[in-house]
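**Student:** Structure incoming, see below.
The values are calculated or read from the model by the stated rules, or taken from the named source; none is laboratory data. Every value quoted in this text rests on a predicted model; they were computed, and no experiment measured them. Reconstructed Cβ throughout: ideal geometry from the backbone, glycine too, with neighbour counts over all protein chains shown. SASA here: full protein model, heavy atoms, side chains in, ligands and nucleic acids out. Shrake-Rupley method; radii C 1.70, N 1.55, O 1.52, S 1.80 Å.
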Amino acid sequence: MSEAVLQKSKRRSVVETAAALPSVASSYIRSMTGYGRATFEDGERVTAEIRAVNGRFLKLSVKVPGRYGALEDRIKTLLADNGIKRGSIDISVFFESGNGDAGSYQINETAVKNYVFQARSLAKKFKMKDGITLASLLPLPDAVKRLDHEDDIELVWARAKNAVSAALADFNAMREREGLALAADVRVQLARLGEHRAAIIAAAPEALNAAMQRFRDRIVKLLDQSNVTVPLNPDVLERETVLFADRTDISEELARLWSHFEQMEASLSGGGETGKKLDFLTQELFRETNTIGSKAQDERITHRVVEMKGLIEKIREQVQNLE
């Protein structure tokens, strides 16, 4: 088989391998924090590395060698196709030949000549000793240039896609493991919130009756202090008591809390991009809990509300790490 035919067959093999890779997107709940790394080797070794931390929106940074800058958009599209939607993500792709040789290099005579001219001019101007050596010039920018021989961008992309796809699989596997751990912790906090809610429901009737009695007693006391001798109309007292009871009733807030618990569990079980929804529901948990605390005039319920706020804060910290 001729060398040309062999190379053509190899290019086709690499491209077909890349095309056959399955999508790594999944419906599992995932953390926005993760790391993945993979290497694909076929004549040239390509290594892809992905790092991510949490963020409200998608912030994507792709780093490839300058000569392969055309791959950046393809890599971004590949990440989007694989369900990367939120987080601050850095992906780097490195290329090197399989035998360890990073490529052919050549001294850039034009750049070295310019460096020598400028160095000697400065030495003369400031009356400095001219100690220029070739060794001191070679590390300077552009003094040595790489000779690139890879012109087939489709072959380059096929190799890069293999490496990036494998790194994505590793990356998403880690994010799914973390996501499951975060979801488990959120469920623990929700269960504790449910216990506090049940205790508040049990204490609410007695707390409401006690609050209404204190309200009646306060009215009577105010009338006595004002030396009012005319008997208070029972209908008026009853009406004001009912209005007071309505203002301090927490049954609606308790019902909405349960609804939020159910919605959060549905989101955790459904997987996918749930972070924003869970964050919103967490804010609703805070709102309902605050309202319960402001309405209820009972020490036992107030204590429960304080404990619930601490649990909700823990949930908020966790769900903000979810995609």
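**Student:** For Met32, what residues show an amide H to amide H distance below 5 Å, using hydrogens built from the backbone and excluding near sequence neighbours?
**Tutor:** Residues meeting the amide H criterion: Leu322, Glu323.
**Student:** Shifting gears a bit: Does the range 278-323 classify as rounded, prolate or oblate by the C-alpha gyration tensor (a ≥ b ≥ c root eigenvalues; a/c under 1.5 gives rounded; else a/b over b/c gives prolate, otherwise oblate)?
**Tutor:** Oblate.
**Student:** Oh, and also: Using packing as a proxy for protection, rank 161-168, 269-276 so that the peptide with the highest average count of other Cβ atoms within 10 Å comes first.
**Tutor:** Highest-to-lowest ranking by the protection proxy: 161-168, 269-276.
**Student:** So, one more: Might you tell me the accessible area per residue for the range 131-200, computed with a 1.4 Å probe and given in Å²?
**Tutor:** Solvent-accessible surface per residue comes out at 48 Å².
**Student:** Loop-only check: which chymotrypsin sites (Phe, Trp or Tyr not before Pro) in the range 53-96 are DSSP coil with at most 16 other Cβ within 10 angstrom?
**Tutor:** Phe57
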